[in-house]
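Right, one structure below, let's go through it.
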Amino acid sequence: QCFINCLPHPLVAKKQASSELFSVPIDTPPELVFRCKSAPKMLVILNPRSGHGRSIKVFHNVVEPIFKLAGIKMEVVKTTKAGHARELASTVDINLCSDGIICVGGDGIINEVLNGLLTRSNPKEGVSIPIGIVPAGSDNSLVWTVLGVRDPISAALSIVKGGLTATDVFAVEWIHTGIIHFGMTVSYYGFVSDVLELSEKYQKRFGPLRYFVAGFLKFMCL
């Protein structure tokens, strides 16, 4: 908590008032003391593989200093496998991220966090947690769609300034298994989904070009 005395106490001498302007004397009236809001608590889920490992540099060199200057309390967790972000979002203690979960990486980690939150034992609790997006992947189309920005600095400043942007969420349910998967932008099937699945094998080698390579190979194999 931070206490700021904005005006000198009328009973304090002028000399004391000038020296104690930014302190809080014991006899300061309550109306002259402003209690600041407690520091926001956020969970940062970082995908170290996003953008050929660029996400680590983006967060520690660019984004983390901005959050520290803003006084945000962060719990940083690096994902170690596919589905790790979903596990964290579905089981994390709400007290550790009462002000939001920040996703650092590509569109995949955001999708995992979304599904993790919406499959919590208490759905209302999951919906109440905001999701912050810091683009550090190869495409970053989702943050461009939602916020209209694609650089990590603008995204970090948007998180610091606060405010919420509502977005539509759709659900796809598999009839045979009853499994429900949530999404925010689009759902693919058929040829396009085959291309996306194959492109994951070329992520390290080609980066953003992997979609073109996978699409060409799939087209030649029709």
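Couple of notes before you dig in:
- Between H52 and W174, residue separation times 0.36 nm minus the direct Cα-Cα distance comes to 40.6 nm.
- Rounded to the nearest 5, the antiparallel percentage of DSSP beta bridges internal to segment 64-222 is 45%.
- Extension gain for C221 to L157 (0.36 nm times residue separation, less C-alpha to C-alpha distance): 18.5 nm.
- FRET efficiency estimate (nearest 0.05) - Cβ-Cβ, V213 to K73, R0 35 angstrom: 0.25
- Interchain or long-range residues, amide H under 5 Å from K78's placed H: L46
Any read-out appearing in this document is the output of simple, stated calculations on the displayed coordinates, not a laboratory observation. Values in this document were obtained by computation on a predicted structure and should not be read as measured data. Glycine gets a Cβ as well: all are built from the backbone with ideal geometry, and neighbour counts include every protein chain shown.
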